[in-house]
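Novice: The structure's right below; bear with me while I get my questions together.
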Amino acid sequence: MSATAAERFLRDAAEKSADLVHREIIRRGMESYDAAHLKGRARIKDWEAARRKCQEIKREAVNHLDRYLLQFEEKVIAHGGHVFWAADSAEACAYITALAQRHNVRTVVKSKSMVTEEINLSHALEKIGVKVWETDLGEFIVQLRNEPPYHIVTPAMHLNRRQISELFHQKLGEAVEGDDPAKLVALARRKLREAFFSAEMGISGANFLVADSGVIAISTNEGNGRLCTSVPRIHVAVTGIEKVIPRLEDLATLWPVLATSGTGQGITTYGTLIGGPRRPGEADGPEEFHVVLVDNGRSGLLADAEQREVLHCIRCGACLNICPVFRHIGGHSYGTIYPGPIGSVLTPHLRGPEFQHLSYASSLCGACTSVCPVKIDLHHHLLHNRRNFVEDRGGGTPKPGEKWRFRLWRYAMQRPRVYAVGGWLMRRSLRVLYGLGLAGTVFDPMRAWNRRRAPVPLPKKSFRDLWKSELTAEDTKDAKVTRIDGV
Ligand code: SF4
């Protein structure tokens, strides 16, 4: 019998968190991201105001999605483009493969697009004999390894230079001396150049669809996006319906906030606006321009008033980077295209209840919510999904003793003195227990934690004692201030 998604997740997560080489690569990657992100945020005068503005823009767009999408469609058609509404992955893939067959396409170049991963487009094209080249460097690397992207912004962040060099040697037949990054990039570039100039079709995603002007906005750092969208005869932009925004001027806020949250940059190296096929007299651009608007479960989310805001996501990856669970188990363990907190919230809606277990891949620390540039209340959505998980299984059966333990907990939480005495007793008994060397044994109430770890040293003072002494210190300080003021 094949393992369920939940079993695979538990197995892979346990494996990855024990892989110290993997954890070291991720730790280093995240450290440089943290530093860049912090610096980037400092560049924006009022980061919180910028987040609020982005939230307002996305809320307005998502609450009036029907109107803005129709406006976008009308403008694209007026510019000479085509718009196709795909209810699901199958419809989107069928449209694009039929287009490829009609135009006798043999080679496709793709720039980075998570939606195309979601609908498994490359596979559909390969099935009809089309050669697909991923042209974003990270995507190119994971394609050579025949694996999905590891992260929504940095698809190959789980690999170091040596591994990439070995991969290139093995798959591209050329050795790179000293794993020099510049030489590795140059090798990939040479290979990809050939693809760009032989491809008949270019496929991209879209970071935003601008309703009032009918253009798609793409942020990239490598220039491959522009080559994919302007060199081949046909350009197909594949995007989720939630990417629409009302006005061109909204990009003035969204673009820098996306870049800051994604990589810490003030703005990405290339910001491209595409509004249709090549016009008479223009030197470059495709002869045909198609936009495929993918629903694939998003309408269902739109209809859910409590979770609709999940559609505000601009796929910056910041919630993945800050998540302590993601940092330990990595992107592939989730078994989904969208990993991390946003993936755990979104995936059950896109792929069904089989992925509801992902809502437990969280410590509920709320770091994801605090960092999200569009202020999605991620950890509450995770809780919401946990509730759905339990309800879908008929309310769940409590473990033995669970009910009375919760009753006891409620009783203590409602009576501060009882709680304080309980805490005091617990600290003392744990001290004795640890003194006897029984940490992690069946006698230890903290066994779940302590059986695989050294017990955390017990604090001398409880939180309540510390709180009291802090308050007293504050009072004294205030009293001093009053006296000084009084003078
Ligand atoms: S949920 Fe927020 S932080 Fe996470 S990827 Fe989306 S926009 Fe970024």
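Novice: Based on what the data block shows, is Asp304 modelled with pLDDT of 95 or more, surrounded by fewer than 21 Cβ atoms within 10 Å (Cβ to Cβ) and among the acidic types (Asp, Glu)?
Specialist: It is false that Asp304 is modelled with pLDDT of 95 or more, surrounded by fewer than 21 Cβ atoms within 10 Å (Cβ to Cβ) and among the acidic types (Asp, Glu).
Novice: Residues being open to solvent by 10 Å² or more (accessible area, probe 1.4 Å) and in a helix (DSSP H, G or I): count how many of those fall in segment 289-301.
Specialist: Within segment 289-301, residues that are open to solvent by 10 Å² or more (accessible area, probe 1.4 Å) and in a helix (DSSP H, G or I) number 2.
This table checks each residue for (1) outside any strand (DSSP E or B); (2) of a type in the set (Val, Ile, Thr); (3) closer than 21 Å to Thr347 by Cα.
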site: Arg67; (1), (2), (3): yes, no, no
site: Gly80; (1), (2), (3): yes, no, no
site: Leu99; (1), (2), (3): yes, no, no
site: His123; (1), (2), (3): yes, no, yes
site: Trp133; (1), (2), (3): no, no, no
site: Ile141; (1), (2), (3): yes, yes, no
site: His158; (1), (2), (3): yes, no, no
site: Gln170; (1), (2), (3): yes, no, no
site: Glu174; (1), (2), (3): yes, no, no
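Novice: Right, next: Tell me, please, whether a residue that is within 16 Å of the ligand (Cβ to nearest atom) and farther than 22 Å from Val115 by Cβ can be found in segment 263-275.
Specialist: Scanning segment 263-275, I find at least one residue that is within 16 Å of the ligand (Cβ to nearest atom) and farther than 22 Å from Val115 by Cβ, so the answer is yes.
Novice: Taking segment 111-165 on its own, how many of its residues are more than 19 Å from Gly317 (Cβ to Cβ) and of a type in the set (D, E, K, R)?
Specialist: 6
Novice: Still on this structure: Looking only at residues that are among the basic types (Lys, Arg) and exposed (fewer than 14 other Cβ atoms within 10 Å of the Cβ) in segment 155-172, which one is nearest to Leu320 (Cα to Cα)?
Specialist: Ranking the candidates gives Arg161 first.
Novice: I want to confirm something. Restricting to segment 380-399 and keeping residues that are open to solvent by 40 Å² or more (accessible area, probe 1.4 Å) and under 21 Å from the mean Cα position of the chain (by Cα), which single residue is farthest from Cys323 (Cα to Cα)?
Specialist: Within segment 380-399, the match that is farthest from Cys323 (Cα to Cα) is Arg386.
Novice: All but one of (1) among the charged types (D, E, K, R); (2) closer than 27 Å to His357 by Cβ; (3) not in a helix (DSSP H, G or I) hold for Lys461; which doesn't?
Specialist: Only one criterion is unmet by Lys461, namely (2).
Novice: Here is a further query. Do any helices (runs of 4 or more DSSP H) lying entirely in segment 308-361 carry at least 2 residues that are open to solvent by less than 20 Å² (accessible area, probe 1.4 Å) and among the polar types (S, T, N, Q), and which ones are they?
Specialist: Filter on segment 308-361 gives 340-351.
Novice: Consider Gly335 carefully, then state whether it is away from the ligand (no atom under 14 Å from the Cβ) and free of Cβ contacts under 8 Å to residues at least 12 places away in the same chain.
Specialist: Answer is no for this residue.
Novice: Okay, moving on. State yes or no: is Lys53 among the basic types (Lys, Arg), assigned by TED's automatic domain parsing to the domain that holds Gly266 and surrounded by fewer than 20 Cβ atoms within 10 Å (Cβ to Cβ)?
Specialist: Criteria met by Lys53.
Novice: Here's something else I'd like to know. Being among the charged types (D, E, K, R) and outside any helix (DSSP H, G or I) is the filter here; which residues of segment 13-65 pass it?
Specialist: If the condition is that a residue be among the charged types (D, E, K, R) and outside any helix (DSSP H, G or I), then Asp19, Lys45, Asp46 are the ones that fit.
Novice: Which condition number in (1) among the hydrophobic types (A, V, I, L, M, F, W, C); (2) within 16 Å of the ligand (Cβ to nearest atom); (3) within 26 Å of Gly202 (Cα to Cα) is the one that Val294 fails?
Specialist: So Val294 meets the others, but not (2).
Novice: Can you list residue pairs whose Cβ atoms sit under 8 Å apart, with the first residue in segment 99-111 being without any contact (Cβ under 8 Å) to a residue 60 or more places away in the chain and the second being not in a strand (DSSP E or B)? Count only pairs 6 or more apart in sequence or on different chains.
Specialist: Gln101/Ile128
Novice: Which members of segment 225-260 meet the condition of being open to solvent by 10 Å² or more (accessible area, probe 1.4 Å), in contact with a Leu (Cβ under 6 Å, 6 or more places away or on another chain) and within 17 Å of Gly275 (Cβ to Cβ)?
Specialist: The answer is Lys243, and nothing else.
Novice: Is it fair to say Arg405 is without any contact (Cβ under 8 Å) to a residue 40 or more places away in the chain, at negative phi and loosely packed, with under 11 Cβ neighbours inside 10 Å?
Specialist: no
Novice: Here's another thing I want to ask about it. Tell me, yes or no, whether segment 446-454 has at least one residue that is polar (S, T, N, Q) and within 16 Å of the ligand (Cβ to nearest atom).
Specialist: No; the residues of segment 446-454 include none that is polar (S, T, N, Q) and within 16 Å of the ligand (Cβ to nearest atom).
Novice: Within segment 386-410, can you find the residues that are in contact with a helix residue (DSSP H, G or I) (Cβ under 7 Å, 6 or more places away or on another chain) and either of a type in the set (D, E, K, R) or assigned to a helix (DSSP H, G or I) (or both)?
Specialist: Scanning segment 386-410 gives Arg386, Asn388, Phe389, Asp392.
Novice: Just checking, which of Gly366, Gly423, Gly340 is within 21 Å of Phe463 (Cβ to Cβ) and within 16 Å of the ligand (Cβ to nearest atom)?
Specialist: Exactly one residue qualifies, and that residue is Gly366.
Novice: Residues of segment 1-43 being open to solvent by less than 40 Å² (accessible area, probe 1.4 Å), touching a residue at least 12 places away in the same chain (Cβ under 8 Å) and more than 20 Å from Arg327 (Cβ to Cβ), which ones?
Specialist: Ala5, Ala6
Novice: Taking the criterion of being in a strand (DSSP E or B) and either in the same structural domain as Ala100 (by TED's automatic domain parsing) or among the acidic types (Asp, Glu) (or both), would at least one residue in segment 247-256 satisfy it?
Specialist: Looking for residues that are in a strand (DSSP E or B) and either in the same structural domain as Ala100 (by TED's automatic domain parsing) or among the acidic types (Asp, Glu) (or both), one finds none in segment 247-256, hence no.
The values are calculated or read from the model by the stated rules, or taken from the named source; none is laboratory data. Here the structure is a predicted model, which is why all the values come from computation and not from measurement. As a convention, Cβ positions derive from the backbone with ideal geometry for all residues, glycine included, and neighbour counts pool all protein chains shown. Please note that ligands, DNA and RNA were not included when accessible areas were found on the heavy atoms of the full protein model with its side chains. Shrake-Rupley method; radii C 1.70, N 1.55, O 1.52, S 1.80 Å.
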